[in-house]
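See below for the structure under consideration.
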Amino acid sequence: MTDGVTSSELRRGVFPGLQLQTYADETTEPFWSAARHDRLVVPRCRECGTFRLPPLPICHVCQSEVTDWEELPGTGTVLTFTIVHHPLHPDLAAVCPYVSAVVDLDGTQGEGARILVNVTDCDPAAVSIGAPVRIVFDHVNDDMSIPRANLVADRPV
Amino acid sequence: MTIKDKAAVVGVGATPYYKRGQSYPQTELSMACRAVLLALEDAGLSVQDLDGFALYAQACEPAELAATLGVPEVRFTTMITGGGGASAGALGVAAAAIHGGMATTVVTVMTVQQRDRRLGGSSVGGQLTYGQAAMGISRPYTAFSSNSGLLGPGHAAALIARRHMHLYGTEREHFAEVCITSRDNAIRRPTALQTTPLSMDDYFNARMIADPLCLFDYTLETDGAVAVVTVSADRARDLRHPPVYVMGSAHGGIGRTGPLNWKWLQMPEDDLVSSGSRSAARRMYEMAGIGPADVDVALIYDNFSPMVIMQLEDYGFCPVGQGGPFVADGNIRWKGGSIPVNTHGGNLSEGYVIGMTHVREAVEQLRGTAVNQVDGAEVALVTGGTSLLPMSGTLLRKG
Ligand SMILES: [Zn+2]
């Protein structure tokens, strides 16, 4: 399906990734550099304070290019999710069902800085809108650390 | 000054609709040419008259089409950006080109063959690449979405539908009602690919594709081509059929709607939990000078059943959040509904030619020749949507 992934490595519930290179440029490299060290670092407009993901080069609120990179707590809540049952590729039969979610990240304004992630290591039926999650990184190679999410059972909502 | 009533659709042509891959050994080009020739013939025109192309979603290359058909002089070629969302809007662009004096006889055509590629994200020949580094998103940014497991428009529709259910209490029974209505309409149509009755039990017994969406919530996968010809209102009156006037047309959306939605989902929540069509709907009605109460039949882009419910809200047929109960009350049924929807069976049950089957049905309804004719239909809404900017809507009026 993609470089570096073989059927033997596929695990139910864990989407293996489609793009295992970051193709990082100056606007995205700080995210990946931090991800390699299990830190969630996101660009924030120095002028108006708006966070943004993906790390596009200009603030969509005030159009400033002046950006700071801020470390977030790495937690968030599920805005919405789907449980993918049908494999769009034959290899994914070993992976389905898996959960993909849109997560509002704690410490940000939410909208405009959401993260799209596979929610792993849980019963898909346990995922719900509003569920607290923690972002974790899967270091698949020297370049790409895939962000995923795990349910946080003991954190107060 | 707008394009209101300045141009009219005067010809429609189509190939048969085929289940995915079964149009082979025809090609997308050969089917496009056949549909265009049939549309010209329907209007009483010929290739000698054709001089413009108002297309969308990379339907086909006008240079290739014009050369193949032998068009004497090409005066206008435009491809609206984005995907199927621009289908209805292409009629407005055709009308604008004609009203602006840039062309006289403009064709809008869509052709699709899903033998070597599948539009929804399914792999063909081991390649799972749909939308990768495509549609204006470069690789540094796809790195933030490609590993999420969100692989195509159906996954985004599932995310949006679940949020709509959460906020408004929309239920799967409501999605089922859209599917069952479409199927009931398709059953009577010789062009339809799905003509076996669909019951609520059938719906709930169907396999899940991307929860909360099951098999029947998804569009069919179809091959085929549909074309329409648009000319000036003055000229339309002398042609073969009663003109179908373009009353109003708009495409677009708020800027933050973004590119391919399963790679984005960064828009404000009221735009995220919608079809993204509200701004285009408002401009379309303003141009036409009418409102949703004046629409007699609605041909709504139904790539996924929840998107019909959200477009009913966004085009003003019911308040936002009330689309589920609105369809459950029978409002979109051909017989007895307050606004019959997808009387041709739609993408869900007739066939999927990326929006153009809806345009064809609108024209047939306004000519009074539809299989499931809405009595006294004078105004039809056609929409396109809903996976990336632009979305579009066009109001057509009986001549
Ligand atoms: Zn700013």
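Just so you know, all these numbers are worked out from the coordinates, no wet-lab data involved. As the structure is a computational prediction, the values presented were derived from the model and not from experiment. Note that we place each Cβ from the backbone using ideal geometry, even for glycine, and neighbour counts take in every protein chain shown.
Computed values, structure above
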item	result
Over 15 Å [Cα-Cα, the stretch A:10-77], rounded percent	59 percent
Computed [θ] at 222 nm, deg cm²/dmol, chain B (DSSP H ≥ 4; -39,500 (n - 2.57); rounded to nearest 500)	-9000 deg cm²/dmol
Peptide A:13-19 - average C-beta neighbours from other chains (10 Å radius)	5
Centroid-to-centroid separation of the stretch B:385-399 and the stretch B:261-333 [C-alpha atoms, Å]	11 Å
Difference of contour (0.36 nm per residue) and Cα-Cα distance, residue B:215 to residue B:139	24.2 nm
Residues of the stretch B:47-80 with amide N under 14 Å of the 7 Å Cα→Cβ point at residue B:29	B:60-71
Straight-distance crosslink candidates among aspartates and glutamates, where the alpha carbon sits under 18 Å from residue B:19 and sequence neighbours closer than 8 are dropped	B:28, B:116, B:217, B:221, B:223, B:302, B:350
Residue A:153 versus residue B:254: modelled label distance in nm, points set 7 Å from Cα along the beta carbon direction	3.8 nm
Estimated inter-spin distance, residue B:196 and residue B:75, nm [label 7 Å along Cα→Cβ]	5.2 nm
Size-normalised alpha-carbon gyration radius of the stretch B:306-351, reference 2.2 N^0.38 Å	1.09
Per-peptide average of other Cβ atoms within 10 Å, ordering B:202-212, B:241-251 highest first	B:241-251, B:202-212
Test item: A:84-93 mean partner chain Cβ contacts at 10 Å	6
Sequence ranges B:351-359, A:36-44, B:267-275, ranked by mean other-Cβ count within 10 angstrom, highest first	B:351-359, B:267-275, A:36-44
Residue with peak Gaussian network fluctuation, chain B [Cα springs, cutoff 10 Å], from B:80, B:290, B:300	B:290
The stretch B:199-316 - charge dipole about Cα centre, Lys and Arg +1 at Cβ, Asp and Glu -1, debye rounded to 20	540 debye
Estimated vicinal HN-Hα couplings, Hz - the stretch B:50-62 in sequence order (Karplus 6.51, -1.76, 1.60; Gly, Pro = x)	5, 9, x, 9, 10, 10, 7, 6, 6, 3, 6, 8, x
Calculated Rg and Dmax of the protein assembly as shown using C-alpha coordinates, Å	23.6, 74
Largest-first principal axis extents of the Cα set of the stretch A:12-151 (Å)	46, 33, 24
Helical mean residue ellipticity (222 nm; -39500 (n - 2.57) per DSSP H run of 4+; nearest 500) of chain A	-1000 deg cm²/dmol
Test item: A:122-130 mean partner chain Cβ contacts at 10 Å	1
Anchor residue B:398: lysines whose Cα lies under 19 Å away (excluding residues fewer than 8 positions away in-chain)	B:4, B:6
Per-residue ³J(HN,Hα) for the stretch B:11-20, Karplus 6.51 cos²θ - 1.76 cosθ + 1.60, θ = phi - 60°, Hz, x for Gly and Pro	x, 9, x, 8, 7, x, 8, 10, 4, 2
Cα Rg, Dmax, chain B, angstrom units	19.4, 57
